[in-house]
Amino acid sequence: MSKNLTSFILVTLYLLSNTVFAITKVTLSDVHICCVTCQEAIEHAVLGVKGANVSVDRDTYSVAISANDDAVVQAAVNAVANAGFYGKSDNNKVAIKTAELDGKSSSAEFVGFHNCCGGCSAAIEEAVKSVAGVQTATVSKRSCLVKGNFNEASVLKAINNAGFSALLKK
């Protein structure tokens, strides 16, 4: 076989292998991971997504997810959000979607966030109380009741910035 043909075959195989084995990766940063229970909840959530791999780093508050295509990675990211966690994505194709809220409220209940320990509860309470117009934030295992005169979107953003995913209970 000629040297040119051999080079052509090697280059073609290399290009095909990169296409066939393309990996989609995303790192979620600023995720609330205060303890091993938080870490295990994230790992367990992604474990349920076939073909997804996850690495949770409690020291850097980050979650790295990879799979063979964007759809699987997005499903894994959605599983992380459904488990009650939020993080900023470094991949413009894959991210946690948040609810569109726009309204003032005197009372609202937020649900769906992960809350396994005092560290989680304290982080949620601190984040919510930092929002202008919030007078009280009562955090329980499954919800956060907010009272005052506040913007619902601002409360949700504060919860997200603290590393949690949440929903406004209607």
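The values are calculated or read from the model by the stated rules, or taken from the named source; none is laboratory data. These numbers were taken from a predicted model, which means no experiment stands behind them. Counting neighbours? That spans all protein chains shown, and the Cβs are built from the backbone with ideal geometry, glycine included.
A few points about this structure:
- Of all residues in the range 102-123 being of a type in the set (D, E, K, R) and either within 17 Å of the chain's Cα centre (by Cα) or part of a strand (DSSP E or B) (or both), the one that is nearest to Ile42 (Cα to Cα): Glu109
- When residues of the range 148-170 are limited to those that are exposed (fewer than 15 other Cβ atoms within 10 Å of the Cβ) and more than 17 Å from Lys88 (Cα to Cα), the one farthest from the chain's Cα centre (by Cα): Asn149
- Residue in the range 67-81 that is among the aliphatic types (A, V, I, L, M), part of a loop (DSSP other than H, G, I, E, B) and at pLDDT 95 or above present: no
- Given (1) over 20 Å from Val54 (Cβ atoms); (2) in contact with a strand residue (DSSP E or B) (Cβ under 9 Å, 6 or more places away or on another chain), number of the condition Glu100 does not satisfy: (2)
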